[in-house]
Amino acid sequence: MTPRDKDPLLNLTLQSYRLTELLASGAVADVYKAQDVYTAQFYAIKVMQARWLPFPHIMPRFESEAQLLFDLVHRYVSRAVRQLGENV
């Protein structure tokens, strides 16, 4: 059994997005492949690791990064950020 098999977030549904595969792990967050349960479209969902939740200085940095991506306009990116928040 690999560490990915033990991931408690796999197959979890956050709002309408079911996390189907761990794509990458960083120092503060993990990125999952997720499928919208209503439209069947796939997205990448970035989730802050639970170990960082007690540290209040981390969330503003996470939100700042999301805002930069939200403002991203590029012909090959349909929408960089769709939602942001706790328990989204």
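Read-outs throughout are calculated quantities, based only on the coordinates presented, and are distinct from any laboratory measurement. Every value quoted in this text rests on a predicted model; they were computed, and no experiment measured them. No Cβ is skipped: glycine too gets one built from the backbone with ideal geometry, and neighbour counts run over all protein chains shown.
Scanning the range 53-63 for residues that are part of a helix (DSSP H, G or I) and either farther than 22 Å from Y17 by Cα or acidic (D, E) (or both) yields I58, P60, R61, E63. Here R18 does not fit the description of being without any contact (Cβ under 8 Å) to a residue 40 or more places away in the chain and either surrounded by fewer than 14 Cβ atoms within 10 Å (Cβ to Cβ) or assigned to a helix (DSSP H, G or I) (or both). Residue count for the range 22-67, restricted to those that are more than 15 Å from L9 (Cα to Cα) and of a type in the set (S, T, Y): 4.
Of the residues A34, A24, A40, which single one is small (G, A, S), loosely packed, with under 13 Cβ neighbours inside 10 Å and assigned to a strand (DSSP E or B)?
Numbers: A34 fails: loosely packed, with under 13 Cβ neighbours inside 10 Å; A40 fails: assigned to a strand (DSSP E or B).
Just a single option satisfies the conditions, and that option is A24.
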